[in-house]
Structure formats: C-alpha cells, structure tokens
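Written out below as structure tokens is the structure these notes cover.
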Amino acid sequence: MGDVLVIGEPGTGKTRFIFRFLQEFDKVVWITTIRSAEVIRRTVESNFDLDLWIVDTHTWVRRPTHTEKDVIVSNPINLNEVSLAIGRVLDLVGGKYLLAFDSISGLLLYHATQRVVHFLRNLLVRVESDKAAGIFTLVKNAHDLHTETSVSLMFSNIIELERKFEGKVTRYVKLVKTFGYVEPEFAEFTIDSDGIHLPKPIEMFVREQLKKTF
C-alpha cells in the first residue's frame, strides 16, 4: 500500500495536497472531520470525474442535501461508530481506492491519543488489505509532541508543509520520513487558482508511493 501523512499548520495547503492526487484514482473515500460532506462533494465533483464516497464526522445530522454516498456519523464521540461507518463504506467500494482522511486532528478533539493510534493502525491495515492507498492530514502545533510523534509512527511517508511571511508568502515542503530516498528533501512550492504546484521529484515520489501496489 501507499500511505502519506501530510502535516502543517492551518492554511499551508494540506487539503489542496490531497486534491493534487485525486485524478490518479477512479474511486475516492473521503473521511472528513473538519468540513461538511456538502462542501467536500461540491469542491471535488466540480474539478474531478470520479466515484466519491464521503464519511462525514463533522455534520452530525443528515440533511436533504446529502446524497446516498454521504455517510453521516451521528455520534463521532463514539470512535466505534466512526470505525463501523468507514468499514461499511469500504465494503461497498471494494479495492484500489484512495482514502483521503482530512483530518486526524478532528478525531483528537474527542479521543485520547492511544485510542486514535489504535484506530489508525486498524484503518491502515484495512487499506493495505484492499490494495488501496491513503493520504492523511494532521494539524501541526494543535497537539503536544507526544501525540504528533505517536501518530507519525504509523506512517511510511511524512510530508510537512510550511508557510512563512517574508514580505511575501513563501511555502516550503519538507520530506520528514520517506519509504525510499528522494531529492530534494526540502524545497519551495506554490499555490494559485489552479491548485498546488509541488517540485516534480516530490510529486512523482508521492504518486509512486500511492500507486505502488496497483
């Protein structure tokens, strides 16, 4: 399987990072803990032609605007209910999908680090058994160092996004941990109305990691 954890403060481009790789897949399961299913579906479907399923732990209440492929978790404080909802969707979707999890930090608002790490381990094992791939996000500095380290241990590839204000906005991508070597390990990237623009070697590396079992 290919798994990537993207870490960064709010506004650094973590969700746009996921969008950059959606076109590589015919089936996407998007787990949202920080935005509604309507927002995710409207944004994704306006830019990509794919089979999109959404597990929404943010909204809590099903609305008429939700589709049959929007699964609303009514009680995200119950991590077992979240796991069951994701499992049901993955059973329906089958294999070779991209699982986009945005964001792990949303779960950490309600659950202890140890429980979330156990949840992530089971989810990563499921994704691997389905010969699928996963991109996960984590908000940097929203948690203590122990939590960030514990979560990071679960992933083969970790990419950090940074944004600095130095007269202008400058963005940096850093390879914190990789399953294999890639150069450069630290470089600038940009975001504009067309999306995120990563250095080609890094973009190719991520794509290869996500698709390596296919």
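A few remarks follow.
- Size descriptor, Kirkwood hydrodynamic radius, that averages inverse alpha-carbon separations across the range 61-105, Å: 12.0 Å
- In units of the compact-protein estimate 2.2 N^0.38 Å, the range 102-194 shows a Cα radius of gyration of 1.23.
- Over all orientations, the range 2-211 has a Cα convex hull whose mean projected area works out to 11.4 square nanometres.
- Sorting 53-61, 164-172, 185-193, 80-88 by their mean Cβ neighbour count within 10 Å, with the most densely packed peptide first, gives 53-61, 80-88, 185-193, 164-172.
- Counting all C-alpha pairs of the range 138-185, share separated by more than 12 Å (%): 69 percent
Read the figures in this text as sums done on the coordinates, not as results from a lab. Keep in mind that this is a model prediction, so the values were computed, not measured. Ideal geometry is used to build each Cβ from the backbone, glycine not excepted, and the neighbour counts take in all protein chains shown.
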